[in-house]
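For reference, the structure discussed in these notes is given below.
The values are calculated or read from the model by the stated rules, or taken from the named source; none is laboratory data. These numbers were taken from a predicted model, which means no experiment stands behind them. These accessible areas exclude ligands, DNA and RNA; they are computed on the full protein's heavy atoms, side chains included. Shrake-Rupley method; radii C 1.70, N 1.55, O 1.52, S 1.80 Å.
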Amino acid sequence: MVSIPRVVIAAPGSGHGKTSVATGLLGALRARGLKVSPHKVGPDYIDPGYHALAAGRPGRNLDPWLVGEEQIAPMFAHGARTPEPADIAVVEGVMGLFDGKSHGITPPGVSRSGGDFASTAHVARLLDAPIVLVVDAWGMGSSAAALLHGFATWAPGTRIGGVIFNKTGSPGHETLLREAAAAAGVPVLGALRRRDQLTVPSRHLGLIPAAELGGPAVDAVAALAGLVADSVDLEAVVRLARTAGPLPDGPVEDQESHPERVRPALPRPRIAFAAGPAFTFGYAEHPELLAAAGADVVTFDPLRDEQLPGDVDGLVIGGGFPEEHAAALSGNAPLRAQVAALARAGAPVLAECAGLLYLARSLDGHPMCGVLDADGAMTGRLTLGYRDAVAAAASPLAAAGTRVHGHEFHRTAVEAAGGSAGATAAWHWRQADTSVTEGFVQGRVHASYLHTHWNGIPGAAARLIGAAREYRTQAGRARAGGGECQS
């Protein structure tokens, strides 16, 4: 059994201040000398970046839809012990407490395993963790009692351990809210006054990622930590976190003992991950899974590095905001040419969303790598949601026919040129009674808008490493025979 003090930060809905409170709480607890482990319910990439700044260690996602509910507790335990054991974990929720994949409503007294699947409440139950509800109290007084009573009693097994009121006004307003909470039987753990100066800049897909914002993000996180330290009873939060029950050990609680871990006699292939301000979307477990399965992992920044790291046998180009950096990405012609040459030489390349756009012929008119005979452009339409997909072709990510849960999150579109030589669709799924095909598989290149978590695709890391080894063998033979093969 694993015992890790933990709390889940939830809210009645989006916009109540979960991210601000969770980020501030991580920073405030860290300032007290505690080692804090940050987690985020759902597939979101942006909030974990702010969590990481506050906690000083990677932010990690917990999404039952992407990886399966049986993996949530083991993945949480692994994150809370990596790179070193944490004293306390803070888990930020998603949307409203009971808002899950289906957003369905289940009557009181009936099992909610379907209606709130992948919700914050679902993850809190899987972690046996108490919940702190963050409530935007602007324009609210005694009605807070009814709201808190409803959330505290709606679902047996979902434990509301306290409330933090956000955007409170005068001292009299705070007193009224505390009286309402007492009437509902919910302890008040803090009250944050209205402070507009703590807002973080956002754009078309939400907050600007911390890695892009730089210094202002650091300043915002420090200010949030100070505000929470001054406004929240941190000792009460820690006491509440210690009421979380022990978690059973699971099959992937420690990546060192993950089924994908092997001890190969062959040389370890080198896999390079795209990083930097243009490619900030990625799950912390992916490089860990590759390392555990026998690869050396390195990074490169397509905005600044004119060459790939030496002796690279494969690439992973994740999500981000290449549309915000299209001119600079295009201007780095030496790297674009090297990426294209590596892909055409047969190295495995996994590209998601931003990576798909980078491999395209152009993005908003700016030349990209040209690996794919397709063009990307910004649109006014948001594509967002979970997908139940099937691999349409074999690739370095999955065998043909593999069923995968993923998600889309973009405002761009890619238009393929007619008759793309050697390319087939990457995925197909049903959406609104319509059959959808999406993405590209071309040689050992897999490029798609669909974001996946490799913990939800058994053997994904080992499959990528196998393709990288095949490429290394192929490249070595080409060099030995006097041929050219760029790596």
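Couple of notes before you dig in:
- Across 465, 160, the residue with the most accessible area heads the list, and the full order at a 1.4 Å probe is 160, 465.
- Accessible surface comparison of 20, 142, probe 1.4 Å, protein chains only, largest first: the order is 142, 20.
- Gyration tensor verdict on the range 293-361 (Cα atoms; rounded if a/c is under 1.5, prolate if a/b is larger than b/c, oblate otherwise): prolate
- Accessible surface ranking that places the most exposed of 154, 454 first, with a 1.4 angstrom probe: 154, 454
- Measuring with a 1.4 angstrom probe and ignoring ligands and nucleic acids, residue 81 comes out at about 90 Å² accessible.
- Looking at the chain alone, DSSP beta bridges between its own residues are antiparallel in about 45 percent of cases.
- Rounded, prolate or oblate (a/c below 1.5 giving rounded, otherwise prolate when a/b exceeds b/c) for the chain by Cα gyration tensor: prolate
- Global form of the range 1-131, assessed from the alpha-carbon gyration tensor, a/c cut-off 1.5: prolate
- Residues in the range 2-87 average 27 Å² of solvent-accessible surface per residue, probe 1.4 Å, ligands and nucleic acids excluded.
- Accessible surface of the chain, 1.4 Å probe: 53 percent of it comes from carbon and sulfur atoms.
- The distance linking the range 391-467 with the range 301-363 is 18 Å (Cα centroid to Cα centroid, whole angstrom).
- The heavy atoms of residue 2 offer some 10 square angstrom of accessible surface to a 1.4 angstrom probe.
- The value of relative contact order for the chain, using C-alpha pairs under 8 Å at least six residues apart, is 14 percent.
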